[in-house]
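Okay, so here's the structure we're looking at.
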Amino acid sequence: MKTRGLVFESLDLRGGASPNDSTLFDRSRDKNHGTLVNTDYQQENSGLWTLRYDGTAYVNIGVVLPELANTKKGTWMTWVKLDDATPATSANIITFGDTSASEYILMQITTPGLLYCALNIAGVGQWRLDTDASVISDYTWVHLALIQDGVAPVLLVNGEAVAQAFVLATNTTAWFADCAGIDNGRIGCFNYNAGGNIAFITNGNTSHTKIFNYALDKSDADGYFQEHMGLFEKG
């Protein structure tokens, strides 16, 4: 698969270098290793190790921000499994925020099970996009992707651009280069506007998280889904 522009790819091996290691290794050439906080590992039926979240766990991926700060395009993707497909509170999957202000870019599963992505600048919403229907089932792996091509973002579920609509479309071109204050990155929770770490994934898993600093073609995004589909179908 293409790796151009890949700035983060999680290496989900139990314990990393040692059983007590708190490092989530980045397989990209940039080695933007994340930091595990309260995160455990869980082995799937396929033998694959994945990251497990209990409502207090997350991965700090702020180290990747220097490679994203000036970008106008990008792609996020990850495999996700929730015990409850309609979580009591929104489950934040990948987020980048301003610790002290209402500025962020996020991907989350909402309480009805929709895939929702949004971008806020200095307290003002620029775009908000969600799927028309639930994208996830209890205890079932799903591949989620967000592609910003510099014109408008699009959401992909299991490699397909499912039915979706903008809730807000003030400026659909907005991306990291338009956000002056973003200073943190998370997998599994959300940190912005002096609120600390909130809206955690409660009872769920992620695996094979990838972040690119350019827009993948939809066919390439589908290729990443197809590449590991067999592993997660057994999960």
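The values are calculated or read from the model by the stated rules, or taken from the named source; none is laboratory data. The shown structure was predicted, so the numbers you read here are calculated from the model rather than taken from an experiment. Backbone-built Cβ (ideal geometry, glycine too); neighbour counts: all protein chains shown.
Overview of results
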| quantity | calculated |
| --- | --- |
| Residue within the stretch 78-90 that is part of a strand (DSSP E or B) and either touching a Lys or Arg at 6+ places or on another chain (Cβ under 6 Å) or within 22 Å of Thr170 (Cβ to Cβ) (or both) present | no |
| Pairs with Cβ under 8 Å, 6+ apart, first in the stretch 221-235 and assigned to a helix (DSSP H, G or I) and surrounded by fewer than 18 Cβ atoms within 10 Å (Cβ to Cβ), second at pLDDT below 90 and not small (Gly, Ala, Ser) | Gly223/Met1; Glu227/Met1 |
| Checking Ala215 against (1) out of contact with any helix residue (DSSP H, G or I) (no Cβ under 8 Å at 6 or more places or on another chain); (2) surrounded by fewer than 19 Cβ atoms within 10 Å (Cβ to Cβ); (3) in contact (Cβ under 8 Å) with a residue 24 or more places away in the chain, the condition it does not meet | (2) |
| So Val167, is it within 14 Å of the chain's Cα centre (by Cα) and either surrounded by fewer than 22 Cβ atoms within 10 Å (Cβ to Cβ) or on the phi > 0 side of the Ramachandran plot (or both) | no |
| Arg29 vs. criteria part of a strand (DSSP E or B) and charged (D, E, K, R) | no |
| Lone qualifier among Thr71, Thr50, Thr89, Thr39 - being crowded, with 17+ Cβ neighbours inside 10 Å, within 22 Å of Leu119 (Cβ to Cβ) and either of a type in the set (Asp, Glu) or touching a strand residue (DSSP E or B) at 6+ places or on another chain (Cβ under 9 Å) (or both) | Thr71 |
| Test: Ile93 is over 21 Å from Leu216 (Cβ atoms) and either among the hydrophobic types (A, V, I, L, M, F, W, C) or assigned to a strand (DSSP E or B) (or both) | no |
| Filter result for Thr99 (among the β-branched types (Val, Ile, Thr), in contact (Cβ under 8 Å) with a residue 60 or more places away in the chain, surrounded by 19 or more Cβ atoms within 10 Å (Cβ to Cβ) and over 17 Å from Lys81 (Cβ atoms)) | no |
| Candidate set: the stretch 175-210, residues that are of a type outside the set (Ser, Thr, Tyr) and touching a Pro at 6+ places or on another chain (Cβ under 9 Å); chosen: the one surrounded by the fewest Cβ atoms within 10 Å (Cβ to Cβ) | Asn203 |
| Residue count, the stretch 32-50 (criterion: part of a strand (DSSP E or B), under 22 Å from Glu67 (Cβ atoms) and not small (Gly, Ala, Ser)) | 3 |
